[in-house]
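Visitor: Got a structure for you, written out below as structure tokens; questions coming shortly.
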Amino acid sequence: MLGAATLQAQTLLINNIHERAGLDLNGTWQYIVDPYETGFYDYRFKERSETDPEAFWTSGIPQNKTDRMEHGYSDQYVLEVPGDWNHQKPEFTYYEGTLWYKKSFDFHVKPAHNYYLYFGAVNYRADVYLNGKKLGMHVGGFTPFNFEVPAVYIKPKDNLLVVKVDNKRGADEVPTLNTDWWNYGGITREVKLVEVPQTFIRDFSLHLKKSKAGEAPEKKPWVSGWVKLGGHAKREKVTVSISALKIQKELVVTGDSAAFNFQLPKVQLWSPENPKLYAVTVKTNTDEVHDKIGFRTVEAFGKQVLLNGKPIFMRGISIHGEIPGDIRRAYSQADAALLLGQAHELGCNMVRLAHYPHDESMTRMADSLGLLVWSEIPVYWTINFGSKAVLAKAKQQLHEMIDRDHNRASIIIWSVGNETPVSEVRTKFMHSLINEARSLDDTRMISAALEVNYAALKDTNVVDDPLGQYVDLVAFNEYLGWYGGLPDQCRKTNWKTLYDKPLFISETGGGALGGFHADSLTRYSEEYQEWYFKEQVAMFHRMPDNFIGLSPWVLNDFRSPKRNNPTYQEGWNRKGLISNLGQKKKAFYVLQHYYQEKAAAKPAHKK
Ligand code: GCU
């Protein structure tokens, strides 16, 4: 296992990476595929020492003709970054293991500047080396991390950046061994060498102060926020300005952070109907960062969810971070535009980004398009709830998810997990995650996708998962008519919950092979899926009065190694409302029609 010192190398997350100075390291990287981890362990399976020339964090270039080199990097073996390796090489379609990425770059460091290596995400474990020196190690496949790079490590020419990526699943990991999605491996999001002044603005937060429970924000609302400095912060004058509102506030940061509050003049509140974003600038003597922020309040109030004090109904859809047409992980603005564009076409005002934090381009685009977001960490199914180490891994991912996206107005729900089986040790684990999320952010709702036992086909299903007492939004997955009975089972079924809280259906759906048509009783036909949604929609009209929305499963067909019906699935989960070829299935229009109805009906305040 790595020395404690090396592990500490992961520094606090630097935000607003895109506009920071530095070097974009995306593009073509050379690689060595290393299923036996020969580059990391010697033939006695002992970890190689840092100076071991056979370690794959070295170039493998022979110094003398007598040198016996058994590894090396060449342009024969290259992969694009960002991008999963599975869709780039047929031989990697199913590959789970270690692969070494190498990138050479030239860079001239500036005096009085600090350097950080930033990764948008690497699935799953990343060991990072620069010029043979270990910078650090990170586990977790869907959240950003950065390591400090001492300027002395960086050479003007031919820097050797090597990342060992291992996407092997593990019982004590998050997610664990069993998931219903493809375990895409690699450096799946952007890489950047970030250059900042010796004292720099690491992150800042700005959000509307909560108004009195159940009430709309005042005409001239108060905002609160903080600025966090990185590097050698001692005493810094900081200016926070919102030019469109003629706001310029000065504060002094002693140490590395300071909080602030101030009143805004009349503002346009952010909402799906009016996704107004304000350009915010935070400045010090040496540094300056910008962000686009929407001002809104959101809360669970009694049986309703109030956005800016008004009740909302969430017309949602669940989305995987995958582009089915290319069978690959989504990572770009174009990918976000495609997926969120499809959700908009369906009539959505909300998206559930399942089951892990998606690329930042998704949440930023949701801000500008006006889509409410449910963001989730992959505490999925049978995590090892009894393990403290696993809880720590889940909490780290929670921190990284919230650290990256805390300024996104679109995000209204942090979810700490999905379909985790009820047990005391599990509820304790999840409760601890919920408390952690609240301590990090008390401006959003906390939830989790609870599981209900619908296979019992009872007349009244009660959402009574003990976790319901700790969440703000009681959300559950139901597949009545797919995993439980036939779709007309819905006619005989009612739902209720023990908890006097807003109720949300976080998943419901059935499979259909796009273009396969038959009578509605035939599984996997578009007619069966259409019937499924017709019965579900009829049932939605009979839901209890705290029913405030849904995010059916799922926008697009997606890859899953668990789906092996040779006729209808072939490695695809076919519950998409849109097929992997981009065809809208009949059920798409059933839900679209229901959403048109709901969009027309404005929910009223409930006393
Ligand atoms: C589960 C799970 C999803 C899965 C879906 C399905 O509820 O949360 O990840 O893909 O059901 O069975 O299709």
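The values are calculated or read from the model by the stated rules, or taken from the named source; none is laboratory data. Note that the structure is predicted; figures quoted are calculated from it, not measured. Note that each Cβ is placed from the backbone with ideal geometry, even for glycine, and that neighbours are counted across all protein chains shown. In case anyone asks, the SASA skips ligands and DNA or RNA and just uses the protein heavy atoms, side chains included. Shrake-Rupley method; radii C 1.70, N 1.55, O 1.52, S 1.80 Å.
Visitor: For segment 204-354, what % of the accessible area comes from carbon and sulfur atoms, probe 1.4 Å? Before the final figure, lay out the partial values.
Guide: Details: 3170 of 6470 Å².
Answer for segment 204-354 is 49 percent, counting heavy atoms of protein chains only.
Visitor: Work out how much length residue 517 to residue 94 would gain on full extension: take 0.36 nm times their residue separation and subtract the Cα-Cα distance, in nm to one decimal. Don't skip to the answer; put the middle values down first.
Guide: On the way: separation 423, 0.36 × 423 = 152.28 nm, distance 3.09 nm.
Computed gain between residue 517 and residue 94 is 149.2 nm.
Visitor: Let me ask something else. Quickly work out the residue 489-to-residue 66 label distance, labels modelled 7 Å from Cα along the C-beta direction, and quote it in nm with one decimal.
Guide: 7.5
Visitor: Once both labels are modelled 7 Å past Cα along the beta-carbon direction, what's the residue 500-residue 213 spacing in nm?
Guide: Going from the residue 500 label point to the residue 213 one covers 1.0 nm.
Visitor: Which order, highest average first, do 574-583, 385-394, 334-343 follow once you tally other Cβ atoms within 10 Å for each residue and take the mean per peptide? Before the final figure, lay out the partial values.
Guide: Working: 574-583: 21.2, 385-394: 16.4, 334-343: 19.1.
By packing density, highest mean first, the sequence is 574-583, 334-343, 385-394.
Visitor: Taking 0.36 nm per intervening residue step and subtracting the Cα-Cα distance, what contour gain separates residue 222 from residue 333 on full extension?
Guide: Values: separation 111, 0.36 × 111 = 39.96 nm, distance 3.24 nm.
Gain on extension, residue 222 to residue 333, equals 36.7 nm.
Visitor: Let me ask you something else. Label residue 24 and residue 382 with points 7 Å out from Cα along Cα→Cβ: what is the distance between them in nm?
Guide: 4.5
Visitor: Right, here's the next one. Please give the FRET efficiency for residue 245 paired with residue 422, using the beta carbon to beta carbon distance and R0 = 60 Å, rounded to the nearest 0.05. Please list the in-between numbers first.
Guide: On the way: r = 48 Å, r/R0 = 0.80.
According to the calculation, E is roughly 0.80.
Visitor: Quick check for me: using +1 on Lys/Arg Cβ and -1 on Asp/Glu Cβ, what's the dipole size of the chain about its Cα centre, in debye to the nearest 20? Write out the running numbers ahead of the final one.
Guide: Details: 73 positive and 71 negative charges, 348 e Å.
Roughly 1680 debye for the chain.
Visitor: By how many degrees, between 0 and 90 and to the nearest 10, does the Cα long axis of helix 586-600 differ from the longest principal axis of the chain?
Guide: 80
Visitor: Carbon and sulfur atoms: what percent of the 1.4 Å accessible area of segment 41-140 do they account for? It would help to have the intermediate numbers written out before the result.
Guide: Numbers: 2630 of 4990 Å².
Of all accessible area on segment 41-140, carbon and sulfur atoms account for 53 percent.
Visitor: At R0 = 22 Å, how high is the FRET efficiency between residue 281 and residue 232 if r is their beta carbon distance? Nearest 0.05 is fine.
Guide: Values: r = 22 Å, r/R0 = 1.02.
With a Förster radius of 22 Å, E is 0.45.
Visitor: Please find the FRET efficiency linking residue 326 to residue 252, where r is the Cβ-Cβ separation and R0 is fixed at 51 Å, and quote it to the nearest 0.05. Walk me through the numbers before you get to the answer.
Guide: Numbers: r = 50 Å, r/R0 = 0.99.
According to the calculation, E is roughly 0.50.
Visitor: Percent antiparallel among DSSP beta bridges with both residues in segment 316-384, to the nearest 5? Walk me through the numbers on the way to the answer.
Guide: Working: 2 of 11 bridges.
Expressed as a percentage, antiparallel bridges in segment 316-384 total about 20.
Visitor: Leaving out ligands, DNA and RNA, and with a 1.4 Å probe, what % of the accessible surface on segment 440-596 is carbon or sulfur? Kindly include the intermediate steps, with their values, before the conclusion.
Guide: Working: 2680 of 5500 Å².
So the carbon and sulfur contribution to the accessible surface is 49 percent.
Visitor: Taking only Cα atoms, what is the 0 to 90° angle, nearest 10, from helix 360-369's long axis to the longest principal axis of the chain?
Guide: It works out to around 40 degrees.
Visitor: For the chain, rounded, prolate or oblate, judged on the Cα gyration tensor with a ≥ b ≥ c (square roots of eigenvalues), a/c < 1.5 rounded, else prolate if a/b > b/c? Provide the component values of the computation, followed by the final result.
Guide: On the way: a/c = 1.99, a/b = 1.26, b/c = 1.59.
Cα axes put the chain in the oblate bin.
Visitor: Once you have a ≥ b ≥ c as the square roots of the Cα gyration tensor eigenvalues for segment 233-283, tell me rounded if a/c is under 1.5, and otherwise prolate or oblate according to whether a/b is larger than b/c. Before the final figure, lay out the partial values.
Guide: Details: a/c = 2.85, a/b = 2.42, b/c = 1.18.
In terms of gyration-tensor shape, prolate.
Visitor: Run the dipole for segment 111-213 about the Cα centre, Lys and Arg Cβ at +1, Asp and Glu Cβ at -1, nothing else charged, and hand back the magnitude in debye, nearest 20. Don't jump to the answer; show the numbers that get you there.
Guide: Values: 14 positive and 10 negative charges, 60 e Å.
Around 280 debye, computed over segment 111-213.
Visitor: What does the C-alpha gyration tensor say about the overall shape of segment 1-160? Classify as rounded when a/c is under 1.5, otherwise prolate if a/b is larger than b/c, or oblate. Mind showing how you got there, number by number?
Guide: On the way: a/c = 1.42, a/b = 1.22, b/c = 1.16.
Cα axes put segment 1-160 in the rounded bin.
Visitor: Still on this structure: Counting Lys and Arg as +1 and Asp and Glu as -1, each charge on the Cβ, what is the dipole of segment 483-607 about the Cα centre in debye, to the nearest 20?
Guide: Values: 19 positive and 12 negative charges, 79 e Å.
Dipole magnitude for segment 483-607 comes out near 380 debye.
Visitor: Rounded to the nearest whole Å², what accessible area per residue is found for segment 349-410 with the 1.4 Å probe?
Guide: Values: 1330 Å² over 62 residues.
That works out to 21 Å² per residue.
Visitor: Oh, and also: Per residue of segment 44-59, what does 6.51 cos²θ - 1.76 cosθ + 1.60 with θ = phi - 60° give for ³J(HN,Hα)? Whole Hz please, x for Gly and Pro, Karplus curve as stated.
Guide: Coupling constants for segment 44-59: 9, 6, 9, 4, 6, 6, 4, 9, 5, x, 8, 6, 7, 7, 9, 6 Hz.
Visitor: In terms of modelled amide H atoms, which long-range or inter-chain residues lie less than 5 Å from the amide H of residue 497?
Guide: 463
Visitor: Would you please give the residues with an amide H less than 5 Å from that of residue 373, counting only those at least 5 places away or on a separate chain, with H modeled from the backbone geometry?
Guide: Counting only residues 5 or more places away or on other chains, the set is 351, 411, 412, 413.
Visitor: Mean shadow of segment 300-454, computed from the convex hull of its alpha carbons, in nm²?
Guide: Numbers: hull surface 40.7 nm².
Taking the Cα atoms of segment 300-454, their convex hull projects to 10.2 nm² on average.
Visitor: Defining a contact as two alpha carbons under 8 Å apart and six or more residues distant in sequence, what relative contact order in percent does the chain show?
Guide: On the way: 1475 pairs, mean separation 69.2, N = 607.
So the answer I get is 11 percent.
Visitor: What's the Cα-based Rg to Rh of segment 90-175, Rh via Kirkwood?
Guide: Working: Rg = 14.6 Å, Rh = 14.2 Å.
Rg/Rh: 1.03.
Visitor: Once fully extended, how much extra length lies between residue 171 and residue 152, figured as 0.36 nm per residue of separation less the alpha-carbon to alpha-carbon distance? Please list the in-between numbers first.
Guide: Working: separation 19, 0.36 × 19 = 6.84 nm, distance 3.92 nm.
Using 0.36 nm per residue and subtracting the Cα-Cα distance, I get 2.9 nm.
Visitor: Going 7 Å from the Cα of residue 292 in the Cα-to-Cβ direction, what parts of segment 229-249 have a backbone nitrogen less than 20 Å from that spot?
Guide: 241-247
Visitor: Using θ = phi - 60° and the Karplus relation 6.51 cos²θ - 1.76 cosθ + 1.60, list the HN-Hα couplings for segment 166-183 in order, rounded to whole Hz, with x at every Gly or Pro.
Guide: 10, 9, 4, 6, x, 4, 9, 10, 10, x, 9, 5, 10, 9, 9, 8, 6, 7
Visitor: Now a separate question. Just to confirm, what accessible area per residue do you get for segment 273-328 at 1.4 Å probe, in whole Å²? If you can, show how the numbers build up before the last one.
Guide: On the way: 1950 Å² over 56 residues.
Per residue, segment 273-328 has an accessible area of 35 Å².
Visitor: Let me ask something else. Taking Cα atoms, how many degrees apart are the long axis of helix 424-440 and the longest axis of the chain, rounded to 10 and kept between 0 and 90?
Guide: 70
Visitor: With every protein chain present, what is the per residue accessible area of segment 97-181 (1.4 Å probe, Å²)?
Guide: Numbers: 2550 Å² over 85 residues.
Each residue of segment 97-181 exposes 30 Å² on average to a 1.4 Å probe.
Visitor: State the antiparallel share, in %, of DSSP beta bridges confined to the chain, rounding to the nearest 5. Each step should come with its number before you reach the end.
Guide: Details: 91 of 128 bridges.
Within the chain, antiparallel bridges account for around 70 percent of the total.
Visitor: Over segment 258-411, what relative contact order in percent results from Cα pairs under 8 Å that are six or more residues apart?
Guide: Values: 215 pairs, mean separation 31.3, N = 154.
About 20 percent, as a whole number.
Visitor: Same structure again: Work out from phi, with θ = phi - 60° and the Karplus expression 6.51 cos²θ - 1.76 cosθ + 1.60, the ³J(HN,Hα) of each residue of segment 265-281, listed in order in whole Hz, and give x for Gly and Pro.
Guide: My calculation for segment 265-281 gives x, 4, 10, 7, 6, 6, 7, x, 6, 9, x, 6, 10, 10, 6, 10, 10 Hz in order.
Visitor: As a quick test, which of the pairs 46/133; 249/393; 395/585; 89/110 have an alpha carbon distance above 28 angstrom in this structure? Walk me through the intermediate numbers first.
Guide: Values: 46/133 18 Å; 249/393 38 Å; 395/585 38 Å; 89/110 39 Å.
The answer is 249/393; 395/585; 89/110.
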